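> Sending over a structure as structure tokens; questions will come in a sec.
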Amino acid sequence: MTPGEAAVQIEQTVSAEVRKVKTGVNMRLPRAANALRNGELTVLSGNPSPSPPGSPPGRVSGILRNTWKTHWAEGDTAKFGITSGAPYAGYLEKGTHNKDGTVRMEARPFVDKIQQTALPEIRSIFEEVG
């Protein structure tokens, strides 16, 4: 085998392996998004209402907990996540302030807690790729 032929064979082997890994990742995106959804269900369950500042929000109407949608995008840069359909989710996460800068409602953060809850399962899902 000539050096040129060896280079072509290596390039083909690497390309095939890259396609295999991308396919493996893309196939797991729905499962990873679902792991986030399960994390959300865990973090937003059983919290008192009203919840104390700094704790995840408690259930009042159920809109925040029941309107999450999973999403993912395949490709060279695979992405996955969940999005809340509650228009006030950001206010709960970050809190609200009056025009003079004083706090109107303390934050009830939940996004980082959802991510941390789901992270072990997400790692496990993508470790299957190799």
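> Considering every residue within region 36-47, establish whether at least one is β-branched (Val, Ile, Thr), in contact with a helix residue (DSSP H, G or I) (Cβ under 8 Å, 6 or more places away or on another chain) and part of a helix (DSSP H, G or I).
Here is the first cut: in region 36-47, the ones β-branched (Val, Ile, Thr) are 42-43.
Then drop every residue that is not in contact with a helix residue (DSSP H, G or I) (Cβ under 8 Å, 6 or more places away or on another chain), which leaves 42-43.
Now drop any that are not part of a helix (DSSP H, G or I), which leaves 42-43.
The answer is yes, given that some residue of region 36-47 is β-branched (Val, Ile, Thr), in contact with a helix residue (DSSP H, G or I) (Cβ under 8 Å, 6 or more places away or on another chain) and part of a helix (DSSP H, G or I).
> Sticking with this one: For region 69-78, does any single residue satisfy the condition of being modelled with pLDDT of 95 or more, under 17 Å from the mean Cα position of the chain (by Cα), of a type in the set (Phe, Trp, Tyr) and open to solvent by 50 Å² or more (accessible area, probe 1.4 Å)?
Restricting attention to region 69-78, the residues satisfying the condition of being modelled with pLDDT of 95 or more are 69-73.
Now narrow it down to the ones that are under 17 Å from the mean Cα position of the chain (by Cα): 69-73.
Right, trim to of a type in the set (Phe, Trp, Tyr) and you get 72.
Those left that are additionally open to solvent by 50 Å² or more (accessible area, probe 1.4 Å): 72.
Yes, the conditions are met somewhere in region 69-78.
> Can you tell me which residue among Thr42, Thr83 is of a type in the set (Ser, Thr, Tyr), closer than 23 Å to Ile122 by Cβ and touching a His at 6+ places or on another chain (Cβ under 7 Å)?
Of the residues listed, the single one that is of a type in the set (Ser, Thr, Tyr), closer than 23 Å to Ile122 by Cβ and touching a His at 6+ places or on another chain (Cβ under 7 Å) is Thr83.
> What are the pairs, 6+ residues apart or on separate chains, where a residue within region 5-27 that is within 13 Å of Gly130 (Cα to Cα) has its Cβ under 7 Å from a residue that is open to solvent by less than 80 Å² (accessible area, probe 1.4 Å) and among the small types (Gly, Ala, Ser)?
Cβ pairs passing all conditions: Val25/Ala78.
> Please count how many residues of region 56-90 are over 18 Å from Thr117 (Cα atoms), among the β-branched types (Val, Ile, Thr) and touching a residue at least 12 places away in the same chain (Cβ under 8 Å).
2
> Being farther than 23 Å from Ala33 by Cβ and either assigned to a strand (DSSP E or B) or in contact with a strand residue (DSSP E or B) (Cβ under 9 Å, 6 or more places away or on another chain) (or both) is the filter here; which residues of region 82-105 pass it?
Those that are farther than 23 Å from Ala33 by Cβ and either assigned to a strand (DSSP E or B) or in contact with a strand residue (DSSP E or B) (Cβ under 9 Å, 6 or more places away or on another chain) (or both): Tyr91, Gly95, Thr96, His97, Asn98, Val103, Arg104, Met105.
> Report, by residue number, each residue of region 79-128 that is of a type in the set (A, V, I, L, M), over 15 Å from the mean Cα position of the chain (by Cα) and surrounded by 12 or more Cβ atoms within 10 Å (Cβ to Cβ). Walk me through it before giving the result.
Of all residues in region 79-128, those of a type in the set (A, V, I, L, M) come to 82, 86, 89, 92, 103, 105, 107, 111, 114, 118-119, 122, 125.
Filter again for over 15 Å from the mean Cα position of the chain (by Cα), leaving 86, 89, 92, 103, 105, 107.
Within region 79-128, Ala86, Ala89, Leu92, Met105, Ala107 qualify.
Residues are listed down the side, and each one gets a yes or a no for (1) in a helix (DSSP H, G or I); (2) within 21 Å of Phe110 (Cβ to Cβ):
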{"position": "Arg19", "(1), (2)": "yes, no"}
{"position": "Val25", "(1), (2)": "yes, no"}
{"position": "Arg28", "(1), (2)": "yes, no"}
{"position": "Pro53", "(1), (2)": "no, yes"}
{"position": "Pro56", "(1), (2)": "no, yes"}
{"position": "Asp76", "(1), (2)": "no, no"}
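> Output the residue which, of all residues in region 1-52 that are under 30 Å from Gly95 (Cβ atoms) and charged (D, E, K, R), is most open to solvent (accessible area, probe 1.4 Å).
Looking only at region 1-52, we keep the residues that are under 30 Å from Gly95 (Cβ atoms), and these are 32-52.
In the following step, the residues that additionally are charged (D, E, K, R) were identified as 37, 40.
Values: Arg37: 46, Glu40: 0 Å².
Among them, the one singled out is Arg37.
The values are calculated or read from the model by the stated rules, or taken from the named source; none is laboratory data. Predicted model only: the values in this text are computed from it and were never measured. Using ideal geometry, Cβ is built from the backbone for each residue, glycine included, and neighbour counts are taken over all protein chains shown. All accessible areas refer to the heavy atoms of the entire protein, side chains included, with ligands and DNA or RNA removed. Shrake-Rupley method; radii C 1.70, N 1.55, O 1.52, S 1.80 Å.
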